[in-house]
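J.: One structure follows; several queries about it will come next.
None of the figures in this text is laboratory data; all of them are computed from the coordinates on show. Computed from a predicted model, the values in this text were never measured in an experiment. Ideal geometry is used to build each Cβ from the backbone, glycine not excepted, and the neighbour counts take in all protein chains shown.
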Amino acid sequence: MKSIILTLALVLGVLGQAMAETRYVSDRLEIQMRSGKGTQFKILRSLPSGTPLEILSVDKQNQYSHVRAPGGVEGWVLNHLLMSGPSARDRLASAEKTLAKVQLENNKLKASLNELRETKGSIDKERGSLQKESAKLSQELERIRRTASSALAIDAENKELKSKIVGYERQSQSLLQENQSLKDRTARDWFMVGAGVILLGMIIGLIIPRIRWRKKSSWDSL
């Protein structure tokens with residue numbers, strides 16, 4: 001039973017400490033922590049402004065608070081010398097630190113912004129160069145396309161001309177063969193004419209003497 005009571009007491013003490021209120025020494029330079037509720041009690045230690053104190057209990061009638069200082073020292077201080085928040089000096093120091101941190105971050109951001117601006121300038125310059133190069137390549141591509149179109153047209157025209165030349169060559173061969181046939185036929189015809197003339201001459205040569213002989217015989221009979 002005693003162990004249970006001790007355990008509960010310890011738990012309550014721990015909970016009381018966990019729920020203890022924290023206050024701060026006021027903006028006065030220093031205050032005194034005393035061993036009792038009054039100036040007649042011994043000064044245990046001097047607490048500088050901004051020291052956090054754990055409130056153990058508050059005596060509103062005597063205007064004193066039972067507190068525990070950092071390090072575990074317990075004593076009594078006047079209520080009106082305590083504040084619910086850090087001192088103005090501490091808040092100012094914290095604000096100055098925060099401001100310094102913000103300014104440092106601001107400087108970093110400005111440096112980053114300048115770097116980004118420089119990078120953007122480089123990118124814009126490179127983009128301008130790429131745009132010029134792209135325009136140049138587009139013009140070259142258009143020229144190549146025109147040249148290719150002309151080359152295709154010329155190639156088609158060459159093929160057409162070759163086809164015509166082949167046709168002309170065939171016509172020429174046909175005409176040559178026809179001319180050769182005509183020459184052969186003409187030569188043959190001339191040969192036949194010559195043979196006919198010779199044969200006709202031979203016939204005439206055979207007939208004329210006979211005609212003359214008959215005439216002579218008929219004249220002789222007279």
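J.: Which of the lysines could be linked to LYS97 by a straight reach, that is with a Cα gap under 29 Å, when you skip same-chain ones fewer than 8 residues away?
T.: Within reach: LYS108, LYS110.
J.: Let me ask something else about it. For region 20-86, what class follows from the C-alpha gyration tensor (a ≥ b ≥ c being the square roots of its eigenvalues): rounded when a/c is under 1.5, otherwise prolate if a/b is larger than b/c, else oblate?
T.: Working: a/c = 1.31, a/b = 1.17, b/c = 1.12.
Judged from the Cα gyration tensor, region 20-86 comes out rounded (a/c under 1.5).
J.: Would you mind counting up the charge near LYS162? Only other residues with Cβ under 11 Å from its Cβ, with Lys and Arg at +1 and Asp and Glu at -1.
T.: Values: positive: LYS159, LYS164; negative: ASP155, GLU157, GLU160, GLU169.
Net of charged neighbours comes to -2.
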